[in-house]
Structure formats: structure tokens, C-alpha cells
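Here is the structure we will look at.
Only the coordinates and a few stated rules stand behind these numbers; no lab work does. Here the structure is a predicted model, which is why all the values come from computation and not from measurement. Positions of Cβ are backbone-derived with ideal geometry, glycine not excepted, and every protein chain shown enters the neighbour counts.
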Amino acid sequence: MLSVHAIDAAYGDSQVLFGMSFEIGAGEFVTLLGRNGMGKTTTVRAIMGILPVRAGKILFNEEPIHTLPSFRIAKAGIGLVPEGRQIFPNLTVRENLIATAAPPPAGHQGWTMDRVIDLFPALGERLTSMGNQLSGGEQQMLAIGRALMTNPRLLILDEATEGLAPMVRAEIWHCLENLKEEAQAILVIDKNVDALTRIADRHYIVEKGAVVWTGTSEELRADEGIQHQYLGV
């Protein structure tokens, strides 16, 4: 579904990605792991067309997207839950969800407001609340719901549970498990290795702008040396 082939990307003269490569198949739950500052968010920005790709290519459903503007990439079927949530603070919960609504791909069950509320009942109680009146956990739920309302073929979550209370984190992981059961393709950036190895199919560890290790959840759990070398604080 998504193929990232040897991409380089930079902020001005500061190169961050050095031949970044990985793949996500239809229905797969995949993670990008690594310490802060290693290029994970930069990779997401390159995929979404927010940051230009200097070399390499990005294919989505076998079509190149690395030269497209962000809105075209989103319309192609990639939904983003960005780091920091970035919901619309002056819109209500209902308006945040409606603002991004798009029809589903042919032959797929679509995401509607009712389905999002079934997934996150707390949002149903806050439909008339402004975005800036929500707690951090509610904002993250809204950000996920907003991305789902685009009916994406691939859902990307950057720092899925950062800064959230344990109970809210558990609810987010439960949500992602439900999405996986529906064969939603998912790419997650997060630091909670224990939760991710319970859910995800495969993992890519990023170090200094390139993938240095890839494997299954079982392989990552079994390799404490890799965890200590690349993920330990």
C-alpha cells in the first residue's frame, strides 16, 4: 500500500532523512520507533507532502505521491493524526468532524459521525463543546475521529498517546485494536513499546534518519539488546 523508497529530506541545510525506506501492506499495523530527533516525524511530514523529498520516492497504491501537494495526498486516502493533535480550537466537536468528512472508497464501510461516537462515546457528550474546551485525551480522540472521517485507506498517528493519562492511553490502544480488526492499515509513532508489541504486526526502528532494524512484535520483544540500544533513554 505505502512504499517509502530511499528518501532524503532536510530543513534548509540540515539533512534529517538519509535513505529512509519502509513499506506498509494493506491492513497492516506498522510502527516507526526510535528516540526523539531521529527523523520519525520528518518522515511523516515527507509522506504527507508537508516537507519536500530531495531524493527517493514515495508510492501509495503503486502511484507516486512525493511530488503531490498535501491536499492531494490526503484525498488519495492517507489520514493523519498529527503530533500535538492540531484540532480546530474555534470549532465545535461536531464541526471538527464534519469539516473533514469524505465519502468512503467504493465497496468499503464508511466512517460517519455516529460510528466515530460509537468508537469514542466521550465525544458524543461534547458535540457542542469548542475544541479548546476539551481535555488532552478528548482532543486526541477528536483528532483520531477527524482523521477517520476522511475515510482513509491508511491512518497515520504521530505520537499517538504522548502526554495522555494512563486510562486515556488504554482507550486509545483499544481503539487501535478495533481498527486493526477492521483491517485498517495503520502507521503509528509512539514510545510505548509494550503496548505496540501487543498490537502491531511489524516495527521499523529509526536512527539518524534511516531504518536500522525491522522485525515482528515477537522478534522485538525477544531482543532486549535492540530495545536498549535504540529505544532506551
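Here are a few things to note about the model shown:
- Estimated distance in nm for a label pair at Ala6 and Leu91, the labels positioned 7 Å out from Cα along Cα-to-Cβ: 4.0 nm
- Net +/- balance of residues flanking Val4 in space, Cβ distance below 11 Å, scoring K and R +1, D and E -1: 0
- Average 1/r across all pairs of distinct alpha carbons in segment 1-137, invert it, and you get the Kirkwood radius: 17.0 Å.
- Dividing the summed -39500 (n - 2.57) terms of all DSSP H runs of n ≥ 4 by the residue count of the chain sets its mean residue ellipticity at 222 nm at -9500 deg cm²/dmol.
- Put simply, the convex hull of the Cα atoms in segment 144-233 casts, on average, a shadow of 6.5 nm².
- Partners of Lys208 within straight-line reach, counting aspartates and glutamates whose Cα lies under 14 Å from its Cα and excluding those fewer than 8 residues away in the same chain: Asp8.
- All Cα pairs of segment 84-176, percent lying beyond 19 Å: 35 percent
- Simple point charges give the picture: +1 on the Cβ of Lys and Arg, -1 on the Cβ of Asp and Glu, and for segment 1-55 a dipole about the Cα centre of about 160 debye.
- Highest-first packing order for the peptide set 17-23, 68-74, 177-183 is 17-23, 68-74, 177-183, based on the mean count of other beta carbon atoms within 10 Å.
- Considering only the Cα atoms of segment 60-128, their convex hull presents on average a projected area of 6.1 nm².
- By average C-beta atoms within 10 angstrom, highest first, the peptides 82-91, 45-54: 45-54, 82-91
- Shown for His5, His108, His66: other C-beta atoms within 10 Å of each C-beta, ranked fewest to most, produce the order His108, His5, His66.
- Projecting the Cα atoms of Gly137, Thr100, Leu119 onto the charge dipole of segment 86-155, computed from C-beta unit charges around the Cα centre, puts Thr100 farthest toward the positive end.
- A straight chain from Tyr230 to Ala165 at 0.36 nm per residue would run longer than the Cα-Cα distance by 20.9 nm.
- Relative contact order of the chain, taken over Cα pairs closer than 8 Å and 6 or more residues apart, is 29 percent.
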